[in-house]
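Enquirer: Below are the structure tokens for one structure; questions will follow.
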Amino acid sequence: MSGCSPKAAPMAKGKHEVIVDPVTRIEGHLRIEAVVEDGKIVDVRSSAQLFRGLEIILKGRDPRDAQHFTQRSCGVCTYVHALASVRCVDNAVGVDKVLPHNATIIRNLVMAAQFMHDHIVHFYQLHALDFVDVAACAEADVDKTAEIAQAVARTVRPNPKIVSSKADLQKTKDTVIGIVKSGRLGIFTNAYFLGGHPSYVLPPEVNLLATNHYLNALHLQVKAARAMAIFGAKNPHTQFTVMGGVTCYEGLTDKYINDFVGLYDDILDFILDCYIPDLIAVAKGYKNWASIGGTTNFMTFGEYPAQGGEADLKSRYVKPGVIFDRDLGNVMDLDPAKIDEHVKHSWYKPGEPKHPYEGVTEPEYTSLDDKERYSWMKAPRYDGRSTEVGPLATCLVNYGLGHPEFKKYVDFVLAQLDVGPEALFSTLGRTAGRGIECLVTALKTADWVNDLKENIAKGDLDICKDWDMPSEAQGVGYVNAPRGALSHWINIKGGKIDNFQLVVPTTWNLGPRCDKDLPSPVEEALMDNTPIADPERPVEILRTVHSYDPCIACGVHVIDNKTGNVAKFRVL
């Protein structure tokens, strides 16, 4: 990419305490406290500032209701929580072994649409502004930008369907100039790039192209949400899942399937012609970030079960697995017995690490200034080790296992950037992994649509199985959400929920230290070579934190900030 060459990261001198509170462009409330010495982070704490209480709310309720509560964790991770809750009750009652093929396909299609929606929104609306200087668009040459648009789109396919025209780019440039001149900056108020920032290095033309696609993505993401709603009945908070299958019989008709395909085709074109080319174009300007923000261990549950495979993680199209010590040549099988949650550094009553089936959620707040106990999140660990989850973990595990599609597109991106697999262990690798996961998912979606059509053509219209609620049982539901490994664990007694635990991606990635005082993945990543150029505007912290796409609302919930009491509700 012309003009996109890596530059050494500028660094501030002296010792500084840097607090980012709240971290914005995420769901929920996160606080990052960092100690910076001579431009590098030497210590950091990641603190979630809201109480997590869904486990308490669910006690004593009908297990079938769990999905309706858990998907209200936030307004983003809705379906993934519904699916995790449904899968854990499916597992507890045993119906997951006989789930209809159509139900598995339709669950997969809605999940794929959620991935496409979330990853596009994350790249453009939540993460791009950490690298793209929108104000610099005013300096861009529109003709040159149009040439770049053609070139970057052809890096992915020879005949792209979506290429920004000169008129469209000029309109975007004029819009940016108008916003800056008006002083009414809206979402760009206090943006770190305003007034110039030494850590923003893209040429004006790449900034203009990315900003143009930022605006286009606002319209495109609506199509992904509509695709989810075709089978899910609505978006957010889908209403189509039940234990034993799904309820969307109209989703078996040509009209609804064709509506889904029409939206899907537009989304796939955007991913191929805009998202992946933009990812490569921006990354070429920040190749130094291929050695910043890495972690050591990775885990994924995999996703998209095959026919009859709801109860078998190994049947999934995207494979599960664990990698320790960045060893891509040794992908280990996932052993759920090795998962536990620690509370030594959390605002919960002290106790030993517990497996989720034995999990306890008893809040005990100390203070904001407490350096030992500093977060409402628990600290999940796998085999006692801090383990990153999410798109990068998924890419690494499946790359290590030789998954054909992940191997193909990981190698493609590495070749475009002229870097080796070691570059994946970084903030840049995490951002690239999200795009690769989105592309692999989008391409596979066509196969699931065809599978559904073939089943219907054969007369298979079964979408749900009957089952009986046992008096006592336990089950688990694993979901590879867009943010990473999500699991719901249920114990049933007397036909009611006796214990329910949610172990969510953001607690894996953004939780505090554990019983052994080992940092969480984001704490480890921020202490991995992260340079800070301007402690008053620490955009470098946001680059790594945002690369995880944290969802704090998923991991924590409501507390009265005056009394410190957990809120109680009575439903009449």
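The values are calculated or read from the model by the stated rules, or taken from the named source; none is laboratory data. Predicted model only: the values in this text are computed from it and were never measured. Every residue, glycine among them, receives a Cβ derived from its backbone with ideal geometry; neighbour counts consider all protein chains shown. Calculation scope for accessible area: heavy atoms of the full protein, side chains included, ligands and nucleic acids excluded. Shrake-Rupley method; radii C 1.70, N 1.55, O 1.52, S 1.80 Å.
Enquirer: Given the options 172, 211, 238, 189, name the one that is modelled with pLDDT under 95 and open to solvent by less than 20 Å² (accessible area, probe 1.4 Å).
Expert: Answer to the selection: 238.
Enquirer: Name the pairs: first residue in region 437-457 and touching a residue at least 60 places away in the same chain (Cβ under 8 Å) and of a type in the set (Asp, Glu), second residue outside any helix (DSSP H, G or I) and surrounded by 16 or more Cβ atoms within 10 Å (Cβ to Cβ), Cβ to Cβ under 7 Å, at least 6 apart or on different chains?
Expert: Matching pairs, first to second residue: none at all.
Enquirer: Say whether the condition of being of a type in the set (A, V, I, L, M), within 22 Å of residue 202 (Cα to Cα) and in a helix (DSSP H, G or I) is met by at least one residue in region 283-304.
Expert: Yes, region 283-304 contains a residue that is of a type in the set (A, V, I, L, M), within 22 Å of residue 202 (Cα to Cα) and in a helix (DSSP H, G or I).
Enquirer: For region 302-327, what are the residues that are open to solvent by 40 Å² or more (accessible area, probe 1.4 Å), on the phi > 0 side of the Ramachandran plot and in contact (Cβ under 8 Å) with a residue 60 or more places away in the chain?
Expert: 308, 326 - these are the residues of region 302-327 that are open to solvent by 40 Å² or more (accessible area, probe 1.4 Å), on the phi > 0 side of the Ramachandran plot and in contact (Cβ under 8 Å) with a residue 60 or more places away in the chain.
Enquirer: If only one of 95, 134 is among the aliphatic types (A, V, I, L, M) and under 30 Å from residue 533 (Cα atoms), which one is it?
Expert: Values: 95 fails: under 30 Å from residue 533 (Cα atoms).
Result: 134 is the single residue among 95, 134 that is among the aliphatic types (A, V, I, L, M) and under 30 Å from residue 533 (Cα atoms).
Enquirer: Could you tell me how many of the residues in region 520-542 are open to solvent by 10 Å² or more (accessible area, probe 1.4 Å) and more than 20 Å from the chain's Cα centre (by Cα)?
Expert: 8
Enquirer: For region 453-490, which positions are within 27 Å of the chain's Cα centre (by Cα) and either among the aromatic types (Phe, Trp, Tyr) or under 23 Å from residue 252 (Cα atoms) (or both)?
Expert: Of region 453-490, the ones within 27 Å of the chain's Cα centre (by Cα) are 475-490.
478, 489 - these are the residues of region 453-490 that are within 27 Å of the chain's Cα centre (by Cα) and either among the aromatic types (Phe, Trp, Tyr) or under 23 Å from residue 252 (Cα atoms) (or both).
Enquirer: Give region 360-406 a look and list any residue that's outside any loop (DSSP other than H, G, I, E, B) and of a type in the set (A, V, I, L, M, F, W, C), or say none.
Expert: Within region 360-406, 379, 392, 393, 395, 396, 397, 406 qualify.
Enquirer: In contact with a Leu (Cβ under 9 Å, 6 or more places away or on another chain), buried (at least 22 other Cβ atoms within 10 Å of the Cβ), modelled with pLDDT under 95 and polar (S, T, N, Q): which single residue out of 73, 46 fits that description?
Expert: When all the criteria are applied, what remains is 73.
Enquirer: Do we find that residue 253 is open to solvent by less than 70 Å² (accessible area, probe 1.4 Å), within 23 Å of the chain's Cα centre (by Cα) and of a type in the set (Val, Ile, Thr) in this structure?
Expert: When the stated conditions are applied, residue 253 does not pass them.
Enquirer: Applying the selection to region 76-107, what residues are of a type in the set (D, E, K, R) and surrounded by 24 or more Cβ atoms within 10 Å (Cβ to Cβ)?
Expert: Correct list: 87, 90, 96, 107.
Enquirer: Now for a different question. Only one of (1) closer than 20 Å to residue 236 by Cβ; (2) at pLDDT below 90 fails for residue 53. Which number is that?
Expert: Result: residue 53 fails condition (1) only.
Enquirer: Residues to consider are 467, 489; find the one that is of a type outside the set (S, T, N, Q), in contact with a helix residue (DSSP H, G or I) (Cβ under 6 Å, 6 or more places away or on another chain) and assigned to a loop (DSSP other than H, G, I, E, B).
Expert: Matching residue, one of 467, 489: 467.
Enquirer: Which pairs turn up if I take residues in region 342-367 that are on the phi > 0 side of the Ramachandran plot and open to solvent by 40 Å² or more (accessible area, probe 1.4 Å) and look for partners that are among the hydrophobic types (A, V, I, L, M, F, W, C) and assigned to a loop (DSSP other than H, G, I, E, B) with beta carbon separation below 8 Å, at least 6 apart in sequence or on another chain?
Expert: Pairs that qualify, where the first residue is on the phi > 0 side of the Ramachandran plot and open to solvent by 40 Å² or more (accessible area, probe 1.4 Å) and the partner is among the hydrophobic types (A, V, I, L, M, F, W, C) and assigned to a loop (DSSP other than H, G, I, E, B): there are none.
Enquirer: Could you list, in sequence order, all residues of region 381-419 that are closer than 22 Å to residue 530 by Cβ and either open to solvent by 20 Å² or more (accessible area, probe 1.4 Å) or out of contact with any helix residue (DSSP H, G or I) (no Cβ under 7 Å at 6 or more places or on another chain) (or both)?
Expert: Matches in region 381-419: 385, 393, 419.
Enquirer: Out of region 190-208, which residues are assigned to a helix (DSSP H, G or I) and of a type in the set (A, V, I, L, M, F, W, C)?
Expert: Answer for region 190-208, where residues must be assigned to a helix (DSSP H, G or I) and of a type in the set (A, V, I, L, M, F, W, C): 206, 208.
Enquirer: Among the residues of region 213-234, which ones are without any contact (Cβ under 8 Å) to a residue 60 or more places away in the chain and of a type outside the set (A, V, I, L, M, F, W, C)?
Expert: Answer for region 213-234, where residues must be without any contact (Cβ under 8 Å) to a residue 60 or more places away in the chain and of a type outside the set (A, V, I, L, M, F, W, C): 216, 219, 223, 226, 234.
Enquirer: Taking residue 120 and the conditions (1) closer than 22 Å to residue 412 by Cβ; (2) open to solvent by less than 20 Å² (accessible area, probe 1.4 Å); (3) over 28 Å from the mean Cα position of the chain (by Cα), which numbered condition does it fall short on, given that it satisfies the others?
Expert: Tallying (1) closer than 22 Å to residue 412 by Cβ; (2) open to solvent by less than 20 Å² (accessible area, probe 1.4 Å); (3) over 28 Å from the mean Cα position of the chain (by Cα), residue 120 fails exactly one: (3).
Enquirer: Another question, if that's okay. Test residue 262 against the criterion of being open to solvent by 10 Å² or more (accessible area, probe 1.4 Å), closer than 30 Å to residue 459 by Cβ and outside any loop (DSSP other than H, G, I, E, B), and give yes or no.
Expert: Here the answer is yes, as residue 262 does meet what is asked.
Enquirer: Given (1) over 16 Å from residue 409 (Cβ atoms); (2) part of a helix (DSSP H, G or I); (3) open to solvent by less than 10 Å² (accessible area, probe 1.4 Å), where does residue 480 come up short, assuming only one miss?
Expert: The one condition residue 480 does not meet is (2).
Enquirer: When only residues in region 429-450 that are of a type outside the set (Asp, Glu) and farther than 16 Å from residue 119 by Cβ count, which is most open to solvent (accessible area, probe 1.4 Å)?
Expert: 450
Enquirer: Restricting attention to region 123-139, and to residues there that are over 14 Å from residue 434 (Cβ atoms) and not in a loop (DSSP other than H, G, I, E, B), which single residue is most open to solvent (accessible area, probe 1.4 Å)?
Expert: Checked region 123-139; the qualifying residue most open to solvent (accessible area, probe 1.4 Å) is 139.
Enquirer: Turning to a different aspect of this structure: Just a yes or no: is a residue in region 273-282 in contact (Cβ under 8 Å) with a residue 40 or more places away in the chain, in contact with a Pro (Cβ under 7 Å, 6 or more places away or on another chain) and buried (at least 17 other Cβ atoms within 10 Å of the Cβ)?
Expert: Scanning region 273-282 turns up at least one residue that is in contact (Cβ under 8 Å) with a residue 40 or more places away in the chain, in contact with a Pro (Cβ under 7 Å, 6 or more places away or on another chain) and buried (at least 17 other Cβ atoms within 10 Å of the Cβ).
Enquirer: If you go through region 328-356 one residue at a time, how many are in a loop (DSSP other than H, G, I, E, B), among the aliphatic types (A, V, I, L, M) and within 19 Å of residue 520 (Cα to Cα)?
Expert: The number of residues fulfilling the criteria is 1.
Enquirer: In addition: Sort out which residues of region 140-189 are outside any loop (DSSP other than H, G, I, E, B) and basic (Lys, Arg), and write them in order of number. If you could, list the steps in order and put the result at the bottom.
Expert: If we filter region 140-189 for residues that are outside any loop (DSSP other than H, G, I, E, B), which is where we start, we get 142-153, 166-182, 186-188.
Listed by number, the residues that qualify are 144, 166, 171, 173, 181.
Enquirer: Right, another one. Which of the residues belonging to region 328-337 are out of contact with any Gly (no Cβ under 8 Å at 6 or more places or on another chain) and either open to solvent by 50 Å² or more (accessible area, probe 1.4 Å) or among the hydrophobic types (A, V, I, L, M, F, W, C) (or both)? Give the derivation first.
Expert: Residues of region 328-337 that are out of contact with any Gly (no Cβ under 8 Å at 6 or more places or on another chain), as a first pass: 335-337.
Passing the criteria: 335, 337.
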